[in-house]
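> Below is the structure I would like to discuss, written out as structure tokens.
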Amino acid sequence: MAISIGINNVTRAYGPVRAVDDLSLEIRAGEFFTLLGSSGSGKSTLLKMIGGFERPSSGEILFDGRDVVDISANKRPVNTVFQSLGLFPHMTVAQNIEYGLRLRGLSGGERARKVGNILELVELSGFEERNVNLLSGGQRQRVALARALVMEPGILLLDEPLTGLDERLRQQMRDEFGRLHKRTGATFVLVTHNQDEALSLSDRMAIMHKGKIEQLDRPEQFFQSPANAFVARFVGMENQVKPERLEEVGGGVVAVICGQRVPVQGALHDSATSLVVIRSDRIVLGEGDTDGDRLRLKVVETMFRGLYRDVKLAFADGQTLVMALDAGGPLLNVGENVVVTLKPKAALLTAA
Ligand code: ADP
Ligand code: MG
């Protein structure tokens, strides 16, 4: 049974460091929720408080509305998969998985049935008697997951479970998490610094920075309305230029950037505290076939990226933006003046 998690004004201080700083959030029963942030932003500390491995300095943690701060980790309806996995090295796959069931006092027959079912779920049927030391990295990962899932937790916590796997395996296991989430129906909370994992798995995600949440939204919202420049950069929207001024025109907002006028998405704010984010995937070379908005820029650098080329373009005042150009497209020379067309909703206004 899935369980909702309420975090109310939770702070966790280590001496002068507030690893988690007066943070509030609501994780819905059954959702796949991700805490995304760079190293040191407080993700693991928050996860450990949900799991009962750390105690908040202040604030409340609620499961289905009931405060669990005084409930110890082993009494919470929660299982955790840590990056280190923590498998018992001298035991077989089955012994690792049934360990928790044994503590619960299940009979041998019941344990064997549950172990069989869960191994089927993680596609390791027949591996019961293998020694975990003889498994590949991905197989060990699956055993760690099976060991957590066999307990049928209402909440599954995953702390960077894919870090350290090679890229192909990481993508494979990432997709596996999505399927397991659907099949188990539990509330999943994933901690990661990997944007691609967060975007592809999450119903909703929070970007954490210095113990606080910068933005909490559905993944696509981060690209349509990033809360601020930090968030935009974090999700890869690196094209950020300072407007000279902002004008309200016919219900919309136009930014004037180095003398050029660009309609922008978002509400009018003080131009001194605003930045214009320009999505690199919505910039087209040339006049375009629609009457989109044009910018006149100078090529300052081109970088080969394999399937495409990054072209860095500068305004007259030296501010730059990068557009991704099809690798088979025209070759541009540094110093050349070009016209680019912005597709609809290419430019977004955000807080500096
Ligand atoms: P993340 O998981 O996002 O990398 P953490 O939650 O591990 O971040 O850490 C957040 C901050 O709290 C860091 O500055 C870290 O050094 C500090 N911190 C975490 N755990 C401890 C601890 N047990 N003692 C002292 N400082 C800690
Ligand atoms: Mg961590």
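> Between residue 221 and residue 130, what is the spin-label point distance in nm, taking each point 7 Å from the Cα along the Cα→C-beta axis?
Between residue 221 and residue 130, the simple spin-label model gives 4.1 nm.
> I've got another one for you. Report the FRET efficiency, 1/(1 + (r/R0)^6), for residue 171 and residue 314, where r is their Cβ-Cβ distance and R0 is 35 Å, rounded to 0.05.
0.45
> Within 14 Å, Cβ to Cβ, of residue 48, how many net charges do the neighbouring residues add up to if Lys/Arg are +1 and Asp/Glu are -1?
In short, +1.
> Length gain on complete extension for the stretch residue 120 to residue 194, per 0.36 nm per residue less the alpha carbon to alpha carbon distance?
Gain on extension, residue 120 to residue 194, equals 23.8 nm.
> Expected output is a single nm value to one decimal: the length gained when fully extending between residue 14 and residue 28, i.e. 0.36 nm times separation in residues minus the C-alpha distance. What is it?
Separation in residues times 0.36 nm, less the Cα-Cα distance, equals 2.2 nm.
> With r defined as the distance between the Cβ atoms of residue 72 and residue 245 and R0 fixed at 56 Å, what FRET efficiency is calculated, to the nearest 0.05?
0.45
> May I ask you to list the lysines whose Cα is less than 25 Å away from that of residue 343, ignoring any residue fewer than eight positions away on the same chain?
Output for residue 343: 242, 298, 312.
> Pairs to check: 43/210; 48/75; 43/182; 43/212; 48/210. Give those whose C-alpha atoms are more than 18 Å from each other in this structure.
43/182
> Give, as a single signed number, the net charge of other residues whose beta carbon lies under 14 Å from the beta carbon of residue 128, with Lys and Arg counted +1 and Asp and Glu -1.
After counting each charged neighbour, the total is +2.
> Using a/c under 1.5 as the rounded threshold, could you call the stretch 287-342 rounded, prolate or oblate? The axes a ≥ b ≥ c are square roots of the C-alpha gyration tensor eigenvalues, and prolate needs a/b larger than b/c, oblate otherwise.
oblate
> Right, another one. Can you tell me what share of the DSSP beta bridges in the stretch 5-231 is antiparallel? A percent to the nearest 5 is fine.
55 percent
> A further question on this structure: Given the rule -39500 (n - 2.57) for each run of at least 4 DSSP H residues, summed and divided by the residues of the chain, what is its mean residue ellipticity at 222 nm, to the nearest 500 deg cm²/dmol?
-7000 deg cm²/dmol
Readers should treat all values here as calculations from the given coordinates under stated rules, not as data from a laboratory. In this text, all values refer to a predicted model and were calculated from it rather than measured experimentally. Neighbour counts run over all protein chains shown; Cβ positions are idealised from the backbone, glycine included.
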